[in-house]
Each structure stands twice: as structure tokens, then as C-alpha cells.
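Structure record follows, encoded as C-alpha cells.
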Amino acid sequence: MAFIAAVIAVIAGIVHYFGFIFLLRLALGLFYGILALLFAFLTVILIYARSRYAILSLFALSTSAYAAYQSYVWSEPMHIGFITAIYVAAAVFGAWWLVEPEMSITERLRSAESLEKSQNFRAAARKYEKREDYEKAAECYINAGMLESAAWCYEKAGKYEKSAELYMKLAESKNEEYYWKEAYEFWKKAGNNEKAAECLERLAVHENWYWEDVAKLWESAGKNERAENAWKNALKYYLKEAEEEGVFWEDVAKIYEKLGDAEKARRGDDEICGILRERGGEERGMVEACCRGLPEVRNGRKSKRSDGEIRRASGEDKKILNRRKLPTQALTDCIQHANDHLKFSFFQ
């Protein structure tokens, strides 16, 4: 605020002591002087690069330098006016050009319908898109062979299933996993879990950590046989990671149990407890309570420990052993309790 007040005071002082014409000459001289320096620098670069735009830059340099000179001598003030008008017109034209930089002047002057009839689909799509007629824009983009732009327009129009279909075509033609992910997301937005599962399944072949999501999608679509196959693939991935990195044993146990193999599910529990016992330090009682209750809390059942055992347990252990919650939440709580007390992150 103080800076603005100081500028206003300086301007008022110049007008008072030297008059408004002097202020105008000073402002124009500074503006065109700075502009001339910029164009001089640009002209040197363009000449060095042997660019054809060096002629335009040279013209701008000469006019801005002449306008700066006239601001000083003030012998032909109308010339400054003409040069200013040229610069204003050039700025307006430049702004208009930048709105649609890829279109020629004739394309800019024609309507979207006219461009579409003449089979200039790319330009017609740009016009439709500009007036937010996204479905027509998408149709023109398809005719122009620009499927990704068409998919984006269908997304803007809320036609998620059409976006998904286009991304599936792109995935098939370009053989890129990215498009399968996009297709999956749009099928999910459209509420078609079966199609979403198909697309994510294609992605999971290359990026195995998606198999569990695939299995859940097939389950929600009522395709139990395909869901079981996806669970088996998820199990392969989690087993590999668990054996190599020592993580995901909880997921291994959960999937084994889901597939009806309770005996192998215990392997996951045993591995979890082995890690807890290894890192438990002096908190042996709490660790053993967590391990004993692990299969039960994972299945969401109330602990069957005896009343005497529960009475002998500490307050925190009672919360673990005598809990009714959903399977995942109960197991998470059990592990989280161990994490908090043992000062390590089980999921590292």
C-alpha cells in the first residue's frame, strides 16, 4: 500500500512540475526502450539460429527503437501513435491465434458443422470442444483417428462406458498397460464390474499386485470361478513376496483360508507370530496373547480362552483376546497393538 502511494505521489509530482505531456513521453520512452532491448536480444538469437522469424524480430526492433527515439525528440508524435496501434493489433491477433494454435486462418473462420461436412474432422472436433459439445467432438476425434482425445471428450460428457471402450482399443492396438488401467477405471465409474475385472486382469498379468483387486471385482460381478482363479494368482504373488521380503504373511493366510485350505492358512499365522516373537523383547506375554488369538480374531470370532486365562491377562491383552469385530479390523487391531508396544512396523 505504501509503495502504491509513493508511485502515485511521484506521478502527481511529475505532472505538477513538468506537465502531462512530459509524463506521457517518459512512459512511452521507457516502454519502447525496454521493448527495443528485448527485440535486439531476440534478433541476435534468431539470426544465429538462421530462423526466418529474424526478419519479423528485426522489424519489431526498428519500430520500437524509432518509437523510443520519437518519445525523446517528440518531433513526430503521430508516428508513435501509429506504431502503438500496430503493436496493439499484433497483440490482439496473437491472443486470437493462441486460442486455437493448430488451426489455419480459414479453419478459424468456418463453423464446426462446415468443417465436419468437408471431413476436416480434427478442426471440427476442436470447434465442438470449444463450445463444450463433447459428444460431437468425440465423434469427430474418432473419425480423425485421435482415440485418446475422443476418450477424454467422452469422459467430459459423462459417457464413461464409451471412454472405457476406446481405452480398450488403444490398449489392444498399442500394447501398453497404461490403457488397461484407464479402461478399468472408466468401466468401474460406469458401474460395470465385469468389464472392469476383465481390463484389470489384463493389467495384473504384468503388474501382479492387482490380482487381489481383480478377485474382488469378479466376486462383485458374481463370477466365482474367475474370482477363485484370481485369488490363486494373488496367492502366488503374496507368497513370493512373503518368502523374499518377509511381508504379506497376513494376506497369505487370508487367501488360503478363503480358498478353503485352513492348514496352510496357519502357515501365515505362524510366520506372523515368528516375527512378533523375534522382535518382542520383554513383551512376551502380550506377544503370546496376540498369537493365540490371531486365527480367531482374523475370523471375527470371540476368543474361546478360559475365564481364568482372561482374568490373568493384562488389560491390553483382554482387549485382544475378548473382542468381537470384523475379521480384517480385528486382525489389524491385534497387529497394531503389537506395533505400538514393540516399537516396529509389521508392514515394513
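The values are calculated or read from the model by the stated rules, or taken from the named source; none is laboratory data. A quick note: this is a predicted structure, and the numbers were derived from the prediction, not measured. Every residue, glycine as well, gets a Cβ built from its backbone with ideal geometry; the counts of neighbours run over all protein chains shown.
Scanning segment 212-232 for residues that are buried (at least 19 other Cβ atoms within 10 Å of the Cβ) and of a type in the set (A, V, I, L, M, F, W, C) gives V214, A215, L217, W218, A227, A230, W231. Going through (1) in contact (Cβ under 8 Å) with a residue 12 or more places away in the chain; (2) closer than 17 Å to A36 by Cα one by one, F82 falls short only on (1).
For the criterion of being assigned to a helix (DSSP H, G or I) and either in contact with a His (Cβ under 6 Å, 6 or more places away or on another chain) or over 27 Å from E132 (Cα atoms) (or both), A183 fails.
Where the second residue is among the basic types (K, R) and the first is in the same structural domain as A144 (by TED's automatic domain parsing) and lies in segment 110-132, which pairs have Cβ atoms under 6 Å and are six or more apart or on separate chains? Here the result reads Y128/K136, each pair linking segment 110-132 to a residue that is among the basic types (K, R). Checking each residue in segment 191-211 for being buried (at least 19 other Cβ atoms within 10 Å of the Cβ) and closer than 10 Å to N233 by Cα picks out A204, Y210, W211. Restricting segment 66-104 to residues that are of a type in the set (A, V, I, L, M, F, W, C) and in contact with a Leu (Cβ under 9 Å, 6 or more places away or on another chain) leaves a set whose member that is nearest to G29 (Cα to Cα) is A68. So which residues in segment 190-228 are touching an Asp or Glu at 6+ places or on another chain (Cβ under 6 Å) and part of a loop (DSSP other than H, G, I, E, B)? Within segment 190-228, A190, H206, A221 meet the criteria.
Among the residues examined, S62 does not qualify as modelled with pLDDT of 90 or more and assigned to a loop (DSSP other than H, G, I, E, B). Scanning segment 96-144 for residues that are among the small types (G, A, S), in a helix (DSSP H, G or I) and under 29 Å from the mean Cα position of the chain (by Cα) gives A123, A124, A125, A137, A138. Inspect segment 147-160 for any residue being of a type in the set (S, T, Y), within 19 Å of A36 (Cβ to Cβ) and in contact (Cβ under 8 Å) with a residue 12 or more places away in the chain and give the result as yes or no. There is no residue in segment 147-160 that is of a type in the set (S, T, Y), within 19 Å of A36 (Cβ to Cβ) and in contact (Cβ under 8 Å) with a residue 12 or more places away in the chain. The residues of segment 56-79 that are hydrophobic (A, V, I, L, M, F, W, C) and either in contact (Cβ under 8 Å) with a residue 12 or more places away in the chain or surrounded by 12 or more Cβ atoms within 10 Å (Cβ to Cβ) (or both), listed by number, are L56, L58, F59, A60, L61, A65, A67, A68, W74.
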